[in-house]
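Data first, discussion second: the structure below is written as structure tokens.
Only the coordinates and a few stated rules stand behind these numbers; no lab work does. As the structure is a computational prediction, the values presented were derived from the model and not from experiment. Here the Cβ positions follow ideal geometry from the backbone for every residue, glycine too, while neighbour counts run over all protein chains shown.
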Amino acid sequence: ISDKTYQQLINTCDFRRQKESNECESLYSYAMDQEFGNIDQYNIYAPPCNNSDGNRFTRHSMRLPHRPHSIFRQLSGYDPCTEKYAEIYYNRPDVQKALHANTTGIRYKWTACSEVLNRNWNDTDGSVLPIYKEIMAGGLRVWVFSGDVDSVVPVTATRYSLAQLKLSTKIPWYPWYVKKQVGGWTEVYEGLTFATVRGAGHEVPLFKPRAALQLFKSFLSGEPLPKA
């Protein structure tokens, strides 16, 4: 988004509040509708879930078994319409019956993300940093990782957040490797390891399964990510 809109959001919105002001909501809507563009927010370099004419799918317009962007999907294993397929599938009466779901016969459809819940969920913590501190104080290892093409939980925001902990650095920033390729970058602090995953979106194993496996193996072994 533009610097102007970003600054307006910072000056107007109080992100510690559960419910934002109408002015903040209006600015946010403008940024998303007018500046952000038709991209996949969970992987800004992946193609969005579009019709063949370039328009975005809606729940009403998409029909299985459409499979857009086959070349990209073959190369990456990622289909940008996965969530849409899931919504169609889980709203089928036969599927709900098999899962013993919607036994009360609610009239609205199942969705992957509920705006009703998002706007009315009032008991969430404003920050997970106190939880990190509690876990580290208990002697448990904490690893935080981010895919570096995710705009929903971006690397930059994660780094800003972790900086608030003011942790001492044990191993300075370095590239880590998987199969002789840079898997991302990492820095090891007292009690916490931060790692990025190169080319991964929001759900790291979905976009970079091999790198995700290396990340998990290193965590379980208690060893830093490999330098070569």
Inset, instruction - Just the Kirkwood number for segment 129-221, please: inverse of mean 1/r across all distinct Cα pairs, in Å, one decimal. - result: 13.6
Legend entry - Mean separation of Cα contacts under 8 Å, 6 or more apart, over the residue count of the chain: relative contact order %: 16
Legend entry - Amide hydrogen neighbours beyond the local backbone of Arg198, cut-off 5 Å, H modeled: Gly184, Trp185
Inset, instruction - Return the distance in nm (one decimal) between the two label points of a simple spin-label model at Tyr108 and Gln96, each offset 7 Å from Cα along Cα→Cβ. - result: 1.4
Legend entry - the chain: Lys pairs at Cα distance under 28 angstrom, eight or more positions apart or on different chains: 28
Inset, instruction - Tell me which residues come under 5 Å, amide H to amide H, from Val178 once H is placed; ignore anything under 5 positions away on its chain. - result: Gly183
Legend entry - Ordering of 194-202, 159-167, 82-90 by burial proxy (mean other Cβ atoms within 10 Å per residue, highest first): 194-202, 82-90, 159-167
Inset, instruction - Taking Cβ-Cβ under 4.7 Å as the only way to count a partner, pick out the unpartnered cysteines of the chain. - result: Cys113
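Quick check for me: using +1 on Lys/Arg Cβ and -1 on Asp/Glu Cβ, what's the dipole size of the chain about its Cα centre, in debye to the nearest 20? Write out the running numbers ahead of the final one.
Working: 27 positive and 23 negative charges, 163 e Å.
Charge dipole, the chain, about its Cα centre: 780 debye, nearest 20.
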Legend entry - Distant-in-sequence amide H partners of Lys170 (H built 1.01 Å from N, under 5 Å): Val188, Tyr189, Glu190
Inset, instruction - For the chain, take the alpha-carbon Rg, divide it by the Kirkwood Rh, and send me Rg/Rh. - result: 0.99
Legend entry - Computed E for Ala228/Glu23 - FRET, C-beta separation, R0 45 angstrom, nearest 0.05: 0.30
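Could you put Phe145, Phe219 in order, starting from the residue whose Cβ has the fewest other Cβ atoms within 10 Å?
Phe219, Phe145
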Inset, instruction - Report the calculated FRET efficiency for Asp3 and Asn118 (r = Cβ-Cβ distance, R0 = 30 Å), to the nearest 0.05. - result: 0.65
Inset, instruction - Pop the C-beta distance of Ser161 and Phe216 into the FRET formula with R0 = 22 Å and round what comes out to the nearest 0.05. - result: 0.50
Legend entry - In sequence order, calculated HN-Hα J values of segment 91-105 (Karplus, 6.51, -1.76, 1.60; Hz; x Gly/Pro): 9, 6, x, 5, 5, 4, 5, 5, 8, 6, 9, 6, 5, 8, x
Inset, instruction - Using the number of other C-beta atoms within 10 angstrom as an exposure proxy, rank Thr186, Thr111, Thr169 with the fewest first. - result: Thr169, Thr111, Thr186
